[in-house]
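Read-outs: derived from the displayed coordinates by stated rules, not from any lab. Remember, it's a predicted structure, so these values are computed and weren't measured experimentally. No Cβ is skipped: glycine too gets one built from the backbone with ideal geometry, and neighbour counts run over all protein chains shown.
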Amino acid sequence: MTTGPDQTNGSGEQEPVTVTDRRRIDPETGEVRDESAAGPGPAEAEPVADEKDKASADGAEQAESGESDARIAELLADLQRERAQFANFRRRADEEKQGSIAYGKQILIDKLLPILDDLDRAREHGDLESGPLKMFADKLVAVLTAEGLAPFAAPGEEFNPELHEAVQHDGTGEHPVIGQVYRCGYRLGEKVIRTAMVTVTDPEPGAAPAGGAGDQPGADAQAGAE
């Protein structure tokens, strides 16, 4: 250690000034000094971080972690909502597609119903017992049946005003049944696309109705399907 010149304090007295030589290499001998002689190094001289600063840093990290978790939860909720909306969109699109197919099918079958009526009249006159026309009628009925078309209304069935259009009434009307079928009715799936045109009469004595409306196909159309 070396001592420098004295300095004067405020009262006029001089205070000694001490200078510590921290060099690890002795400038005179060139040898490495001991750590005790060199004094504290730079690492020992650095102050220790304050505990409040550490706590503040930990709090900031926790806050950032909480914000990240909240953001992840928000994004997950948005994703689930989008998936649900897309699933609903696909369901509605499928329903609209099926509805369009059914509507187009009904339009086509409506245009073919007069042809079926002509075939029924030809069958009543015995023109479909054999020959090419019978083959054509059978194929047409088979194709339409595969698409869900089903005839209804036959003599003896119970009369149902929602399914049958009565063009003539005979009898008392207490237990009306179908007398004659002028025009067969048709269903497409569960939907009635045309009511039957029939006459209404009383059931024969001792005879029960042939069944509920629509339980059996019309006689003419059923014969065409055979």
log10 I(q)/I(0) for segment 122-165, Debye formula on C-alpha points only (no solvent), q = 0.14 Å⁻¹, two decimals, reads -0.51
With no solvent term and unit scatterers on the alpha-carbon positions of segment 58-133, Debye gives log₁₀ I(q)/I(0) at q = 0.12, 0.27, 0.28 Å⁻¹ of -0.67, -1.10, -1.12
Expected sort for 199, 172 with the fewest Cβ neighbours (10 Å cutoff) up front is 172, 199
In nm, the gap between the two label points placed 7 Å beyond Cα toward Cβ at residue 88 and residue 31 is 9.0
The residues 103, 182, sorted from fewest to most surrounding Cβ atoms within 10 Å, come out as 103, 182
Beyond 24 Å (Cα-Cα) in this structure, taken from 105/139; 105/191; 134/191, we find 134/191
